[in-house]
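Student: Mind having a look at this structure? Questions to follow.
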Amino acid sequence: MVASGEIQSPAGPDGPQVGPGWQREIESRLSPARSTTISVRTVRAAVRCFLWTVVGIHVFFLWSVRGRVQKGDPDFTAFYTAARILREGRSANLYDPATQNAVQFEFATNQDIRHGPLPYICPPYEALVFVPLTFLPYAQAFLLWNGLNLAMVALIAVLLRRSLTSLQDIQLWEWILGLLAFFPVFINFLQGQDAILLLLLFILGFRALDRDADFLAGCWFGMAVFKYHFVVPLILILALWKGRKVVLGFAATASAATLLSLTIVGWRGALKYPAYAWFVVSVPGHGQTPIGLMTNLVGLAIGWPILEPIAGPLRLLAIAASMALLIAVMHMRRWVILPGNKAAFRLGFAGAVIATVLVPYLTNTHDLCLLVLPLALLADYCASHWSERQVVRPLLVQLIPVLISPLWILLWLWGGKLNLFAIPLFGTILAVRKELVRRSTVTSSA
């Protein structure tokens, strides 16, 4: 018989028994704490391997299309063209297609896939950012802009890591790796787009809100008015949630940007801009994003060939649904703005940013890098409430599809159905609202 509390030796029943020291060693190896540590390390290593693989795929894809970049295929062509027009003193013709086409013809040789200029539709003041790049040839300017994008990604990683205490165990290089593995961020590098700058301004605005510097937050958001179709819905939400200081800060910098734009193109050019922008985004063949690639409620409603005969009514229904969603998020204030409850505000702000992605009439894939902020906030919330797994599980279920970059690539290249991602994003808003209501109920009961 083996004495109680002792463990038999591998030599068999007749062999020597293992002493207490070995028993403690074996028990420590099998203990839940060590098992959990090993499990976490294994999962973390697997995630790193996955992220490196995804980044490798992105780099390979960028390398494979380098010839198209040299021909002026990326969206960066529009920014470079606008900056050249300003530098050459033809700012009054910034939104003239003939002028844009003439400038692009000087450096772009992609006439095999594009039979007209790649239009610049952002406000005039943003083109000033790209003027210094026009002193370089197009290909070198593209590389330099992506270098600046990479620097902004690193800065974004630093700011997020400092802001989200529950995720500070994640190393800075892991943050950068995760950002580069996110498909919408990759699209910004592929196209030379400006949405990483937009994300940076949103994060700076959030950090100001997080420390109750509402006026400064409004100033940061006002500087992002070059993507007004995302900024304005967010400001409408924050105006109800936080009050007039945010609005005044936004008005200060947005007004400065407007006056600067007026100075650049004059009143005549400014008056032409709304009709010009609407024509570009709404007419196929002139810059309209394929409906199936728009990850918003409009894209989800009408991005299906079988529904083309009723696309008009569906478009109106989607616009009405977008307005209803915006109003619903605005009315989440009673659960978001609670004294001393920063977690509720962060959770609500994550839902608000997701809503600003879903409700605009036009949402491009590169613009979805804005989702980095709400995804990080929700991950931080889940990490800090991991002991309540049944509470955070609904949030995680909605987030997982959005985080899988190969799924984005599959739907982008072979399906052209990125509009499907509007479903988990809308589900995330519902899960956020449910959690806010639960938190409010628990707080009231206490």
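All of the numbers you see were taken from the coordinates with simple rules; none came from a lab. These figures come from a predicted structure and were not determined experimentally. A quick note on method: Cβ atoms are made from the backbone with ideal geometry, for glycine too, and the neighbour counts reach across all protein chains shown.
Student: For the chain, what is the Kirkwood hydrodynamic radius in Å, using each pair of distinct C-alpha atoms?
Tutor: Answer for the chain: a Kirkwood hydrodynamic radius of 24.2 Å.
Student: On a full-extension model of 0.36 nm per residue, what is the gain between CYS49 and ALA98, subtracting their alpha-carbon distance, rounded to one decimal in nm?
Tutor: 12.8 nm
Student: Using θ = phi - 60° and the Karplus form 6.51 cos²θ - 1.76 cosθ + 1.60, what ³J(HN,Hα) does each residue of the range 369-382 get, whole Hz, x for Gly and Pro?
Tutor: 3J(HN,Hα) across the range 369-382, in whole Hz: 5, 4, 5, 4, 5, x, 4, 5, 4, 5, 5, 5, 5, 5.
Student: Applying a 10 Å radius around every beta-carbon, put 207-217, 407-417, 234-244 in order of their mean neighbour count, most first.
Tutor: By packing density, highest mean first, the sequence is 234-244, 207-217, 407-417.
Student: Turning to a different aspect of this structure: Which residue, chosen from ILE400, ALA301, ALA257, occupies the Cα position most advanced towards the positive end of the dipole of the range 257-401, where the dipole is computed from +1 (Lys, Arg) and -1 (Asp, Glu) charges on Cβ about the Cα centre?
Tutor: ALA257
Student: Using only helices, what value at 222 nm comes out for the chain when you add -39,500 (n - 2.57) per DSSP H run of length 4 or more and divide by the total residues, to the nearest 500 deg cm²/dmol?
Tutor: The helix-only estimate for the chain comes to -22500 deg cm²/dmol at 222 nm.
Student: Excluding the sites themselves, what is the longest stretch of the chain that contains no GluC sites (Glu not before Pro) in a DSSP loop with at most 16 other C-beta atoms within 10 Å?
Tutor: Result, exposed sites excluded: 107-387.
Student: Moving on. Just subtract the alpha-carbon distance of ARG333 and ILE121 from 0.36 nm times their residue separation and send over the number in nm, one decimal.
Tutor: Going from the current span to full extension adds 72.9 nm.
Student: Going by average Cβ density within 10 Å per residue, which order do the peptides 68-74, 158-164 take, highest to lowest?
Tutor: 68-74, 158-164
Student: If you don't mind, there's one more thing I want to ask. Starting from the exponent 0.38 and prefactor 2.2 Å, build the expected Rg for the range 243-292 from its residue count and divide its actual Cα Rg by it.
Tutor: My calculation over the Cα atoms of the range 243-292 gives 1.57.
Student: Of ALA311, ALA239, THR365, whose Cα points farthest to the positive end of the dipole of the chain (charges on the beta-carbon: +1 Lys, Arg; -1 Asp, Glu; origin at the Cα centre)?
Tutor: ALA239
Student: How far apart, in nm, are two points set 7 Å out from the Cα along the Cα-to-Cβ line at ASP212 and at LEU316?
Tutor: 4.8
Student: Leaving out same-chain residues fewer than 8 places away, which lysines sit with a Cα under 26 Å from that of LYS245?
Tutor: Reachable lysines: LYS227, LYS342.
Student: Nothing charged except the Cβ atoms of Lys and Arg (+1) and of Asp and Glu (-1): what's the magnitude of the dipole of the chain about its Cα centre? Round to the nearest 20 debye.
Tutor: Its charge dipole is roughly 800 debye.
Student: What FRET efficiency comes out for the pair LYS272/ARG41, r = Cβ-Cβ distance, R0 = 45 Å, nearest 0.05?
Tutor: E(calc), rounded to 0.05, equals 0.15.
Student: Going by how many other Cβ atoms sit within 10 Å of their own, how do VAL129, VAL265, VAL47, VAL185 line up, fewest first?
Tutor: So the residues, fewest neighbours to most, are VAL47, VAL129, VAL265, VAL185.
Student: Next question. Based only on Cα atoms, what mean projected area does the convex hull of the range 180-255 have, in nm²?
Tutor: 5.2
Student: Kirkwood Rh over alpha-carbon pairs of the range 329-386, then Stokes-Einstein at 10 °C and 1.306 mPa s: what D in µm² s⁻¹, rounded to an integer?
Tutor: 129
Student: Apply the Karplus parameterisation 6.51 cos²θ - 1.76 cosθ + 1.60, with θ equal to phi minus 60°, to every residue of the range 169-177 and state each ³J(HN,Hα) to the nearest whole Hz, in sequence, with x for glycine and proline.
Tutor: 3J(HN,Hα) across the range 169-177, in whole Hz: 5, 6, 5, 4, 5, 6, 4, 4, 4.
Student: Would any residue of the range 387-419 have its amide N under 19 Å from a label point 7 Å out along Cα→Cβ of PHE61? List them or say none.
Tutor: Within reach of a label on PHE61, which here means backbone N under 19 Å from a point 7 Å along Cα→Cβ, the range 387-419 contributes 400-419.
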